[in-house]
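S.K.: Once you've had a glance at the structure underneath, I'll fire off some questions.
The values are calculated or read from the model by the stated rules, or taken from the named source; none is laboratory data. Predicted model only: the values in this text are computed from it and were never measured. Here Cβ is always computed from backbone atoms with ideal geometry, including for glycine, and neighbour counts include all displayed protein chains.
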Amino acid sequence: MKNAGKIIHFTKNGLYVIEAKTKVLPGTQLYDASGRPLALAVDLIGPINNPYIVAKPLAEKPEKFVGGIVYFRLKRRKPRGG
């Protein structure tokens with residue numbers, strides 16, 4: 001798993017704002033350090049050099065994860081035939 005960033009805020013709308021370490025595409029599943037699903041990336045916002053990830057929490061009591069590090073799994077591409 002690769003470090004996606006740190007959860008810095010839980011919004012009134014029930015979404016996480018994550019300070020991104022790497023670019024994560026919308027639809028990517030985010031995990032905690034033990035590999036449990038924590039959130040689903042919804043959008044990337046902010047400047048290109050310092051983006052933020054907006055993510056929908058999947059865990060119960062999502063506010064307790066603020067300040068934690070989130071990870072994502074790299075998917076292997078299927079070889080292109082041709």
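S.K.: Can you find, within the stretch 1-25, the residue that is modelled with the lowest pLDDT among those that are over 23 Å from residue 60 (Cβ atoms) and either assigned to a strand (DSSP E or B) or of a type outside the set (Val, Ile, Thr) (or both)?
M.R.: Result: 23.
S.K.: Listed residues 35, 5, 68; which is free of Cβ contacts under 8 Å to residues at least 60 places away in the same chain and touching a strand residue (DSSP E or B) at 6+ places or on another chain (Cβ under 9 Å)?
M.R.: Exactly one residue qualifies, and that residue is 35.
S.K.: Using the structure shown, decide if residue 66 is buried (at least 18 other Cβ atoms within 10 Å of the Cβ), over 17 Å from residue 1 (Cβ atoms) and hydrophobic (A, V, I, L, M, F, W, C).
M.R.: So residue 66 does not fit the description; no.
S.K.: Quick check, is residue 41 surrounded by 11 or more Cβ atoms within 10 Å (Cβ to Cβ) and assigned to a loop (DSSP other than H, G, I, E, B)?
M.R.: No, not satisfied.
S.K.: Could I ask something else about it? Give me the pairs: first residue in the stretch 13-29 and closer than 14 Å to residue 66 by Cα and aromatic (Phe, Trp, Tyr), second residue modelled with pLDDT under 95 and assigned to a loop (DSSP other than H, G, I, E, B), beta-carbon distance under 8 Å, and six or more apart or on different chains, which are they?
M.R.: 16/66
S.K.: Do you know which of the residues in the stretch 31-48 that are over 12 Å from the mean Cα position of the chain (by Cα), at pLDDT 90 or above and of a type outside the set (Ser, Thr, Tyr) is nearest to residue 13 (Cα to Cα)?
M.R.: Checked the stretch 31-48; the qualifying residue nearest to residue 13 (Cα to Cα) is 45.
S.K.: Still on this structure, please answer the following. Report, by residue number, each residue of the stretch 31-82 that is aromatic (Phe, Trp, Tyr) and closer than 12 Å to residue 19 by Cβ.
M.R.: 52
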